[in-house]
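Let me begin by presenting the structure, written as structure tokens, before commenting on it.
The values are calculated or read from the model by the stated rules, or taken from the named source; none is laboratory data. What you are looking at is a predicted structure, and each value in this text was computed from that prediction instead of being measured. Counting neighbours? That spans all protein chains shown, and the Cβs are built from the backbone with ideal geometry, glycine included.
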Amino acid sequence: MPSILESTTNMDTENKTQVFVKSLGEALSKATNVPVYYQDNSELVNSIVDNIRNKMPAKIKQMFKDISDSELSEQISEFLTHYQIFAKEKSEENFFKELAQFIDSLTKVKSYKAFIFLPKIIGFPPGESFGLIKTITRNEVTFEHSEGFWEHFAYIKTQYADVNEDNGLWLECQFNSVLNYYLENELKKSLQPFLGIISILMYGFPISDESLIGVIIGINRQEYIAPDIIGGKYIVRGWARFHPARNQTVEEAKKILAKQKNTELERKLILSSKMYWLALQSYSPEITFISLISALESLLLGVSDRDYIGLKISEKVAFLMSDEQKERLEIYKSMKKYYDIRSSLVHGKSGKAVRVERADLDTIKHIFTAVFEKILYMAETYTSFHTEDDKGLDDYINELRFK
């Protein structure tokens, strides 16, 4: 995609910048009837955002469609602060030039690196690559001017007595964003599929993205990530140890997360793993239960499965989890009971309170994990979901039903 400066005119780069700078400066000054250089930051930020959204040509406005107004304001505000502190030449001409170049940079995708620590995940093998995320050792956390990060980590340890840099999982991450500053949310979005897979591999251990400790190597600065020191509620109790029996599951998950383009069934695996991860974040057993059933629905149901959902999902779970008819019937009955509980929680059940017991949560987590791993191993063979497609997962289940 061409940038703003490339879209402005066919002139050389220097003239493109001059044209854009002039049009931006005139628009901003006209908007407030005050020379731009004399406006306060909040007024100037609002004017710049308004002009980008409403005064620029449609082709330029379209380039910012994926950035919210709050993000755009945040980025421009940070630029203005940085400019006031560090710019050597503060003429109005230079201000407009650097502002135009900065706004232009928000239309370009940039690649960033981050080092992240997941507390309490023990024994996970280093050197495993899940697409743009790689598990590493603590000694591999090396980058220029890293001393500030280790001071940051040392302070967190004073707030959380059970956090130790040798007692968790280290990650080296690459992620992309058009933003220049405040990249934490962009990083966390990129981590969600991985966190979903890790939650499954660690037997449902809750991994909140609010518990992450790390650093993003940004443009001429580092951004530190930390749990909520004041609230102190994001580092969960206990720990989870990786079991070597899951090594083959790791290998299958790596294949999916490494792909540039996933099949329909692989996309369902990724989405359902994120929903499973989100389900574990709630402190409410009822919300967790509902969300776990939703994760199963995401994995097992297609757009045509609109009727008799409880029956369909129960049947699919039974056939995927067991080859024995008697055992399938027991699984079917249990799953049907759980779906009825889910419906009662969502829609209400007059005259009777519905409670979710710890045993119910453990069972439904086990069911999801078993079904997820079964489909994960089948993903290369059954690339799609619908029966009208070649090698659809529904075809596999129908073969089991009618053989």
I'd like the residue in the range 337-384 that is crowded, with 18+ Cβ neighbours inside 10 Å and of a type in the set (Lys, Arg) and, out of all such residues, is farthest from Gly196 (Cα to Cα).
Arg342
Any idea which residue in the range 122-156 is nearest to Val250 (Cα to Cα), counting only those that are part of a loop (DSSP other than H, G, I, E, B) and among the aromatic types (Phe, Trp, Tyr)?
Phe124
Please enumerate the residues belonging to the range 47-72 that are at pLDDT 90 or above and in a helix (DSSP H, G or I).
Asp69, Ser70, Glu71, Leu72
Pairs returned, first residue in the range 89-101 that is not assigned by TED's automatic domain parsing to the domain that holds Gln75, second residue that is of a type in the set (Ser, Thr, Tyr) and outside any helix (DSSP H, G or I), beta-carbon separation under 7 angstrom, 6 or more apart or interchain, are none
Somewhere in the range 335-344, is a residue touching a Leu at 6+ places or on another chain (Cβ under 9 Å) and hydrophobic (A, V, I, L, M, F, W, C)?
yes
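Ile216 - would you say it is buried (at least 22 other Cβ atoms within 10 Å of the Cβ), outside any strand (DSSP E or B), among the aliphatic types (A, V, I, L, M) and not assigned by TED's automatic domain parsing to the domain that holds Gln281?
no
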Output the qualifying pairs, or none if there are none: Cβ atoms under 8 angstrom, residues six or more apart or on different chains, first residue in the range 187-213 and closer than 13 Å to Phe175 by Cβ, second residue in a helix (DSSP H, G or I) and small (Gly, Ala, Ser).
Pro193/Ser273
Report yes if some residue within the range 235-244 is under 21 Å from the mean Cα position of the chain (by Cα), part of a loop (DSSP other than H, G, I, E, B) and surrounded by fewer than 18 Cβ atoms within 10 Å (Cβ to Cβ); otherwise report no.
yes
Are any residues in the range 75-120 touching a helix residue (DSSP H, G or I) at 6+ places or on another chain (Cβ under 7 Å) and either part of a strand (DSSP E or B) or on the phi > 0 side of the Ramachandran plot (or both), and if so, which ones?
Ala114, Pro119
Which condition does Thr249 not pass, out of (1) outside the structural domain of Glu330 (by TED's automatic domain parsing); (2) hydroxyl-bearing (Ser, Thr, Tyr); (3) not in a helix (DSSP H, G or I), if it passes all the others?
(3)
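Looking only at the range 43-55, which residues are free of Cβ contacts under 8 Å to residues at least 12 places away in the same chain and under 16 Å from Leu99 (Cα atoms)?
The answer is Glu43, and nothing else.
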Residue count, the range 286-311, condition of a type outside the set (Asp, Glu) and part of a loop (DSSP other than H, G, I, E, B), comes to 6
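Would you confirm, using the coordinates I've provided, whether Ser284 is in the same structural domain as Val356 (by TED's automatic domain parsing) and either over 25 Å from Thr381 (Cα atoms) or surrounded by 18 or more Cβ atoms within 10 Å (Cβ to Cβ) (or both)? Explain how you work it out, then say what you get.
Values: in the same structural domain as Val356 (by TED's automatic domain parsing): yes; either over 25 Å from Thr381 (Cα atoms) or surrounded by 18 or more Cβ atoms within 10 Å (Cβ to Cβ) (or both): yes.
Yes.
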Residues Gln75, Gln84, Gln39: which one is over 29 Å from the mean Cα position of the chain (by Cα) and modelled with pLDDT of 80 or more?
Gln84
How many residues are modelled with pLDDT of 90 or more and either in contact with a strand residue (DSSP E or B) (Cβ under 7 Å, 6 or more places away or on another chain) or surrounded by fewer than 16 Cβ atoms within 10 Å (Cβ to Cβ) (or both) if we restrict to the range 287-313?
2
Starting from the range 162-175, keep only residues that are in the same structural domain as Trp239 (by TED's automatic domain parsing), then list their pairs with residues that are in a strand (DSSP E or B) and basic (Lys, Arg) whose Cβ atoms are within a distance under 8 Å, requiring at least 6 positions of separation or different chains.
Leu171/Lys134; Glu172/Lys113; Glu172/Lys134; Cys173/Lys113; Cys173/Lys134; Gln174/Lys113
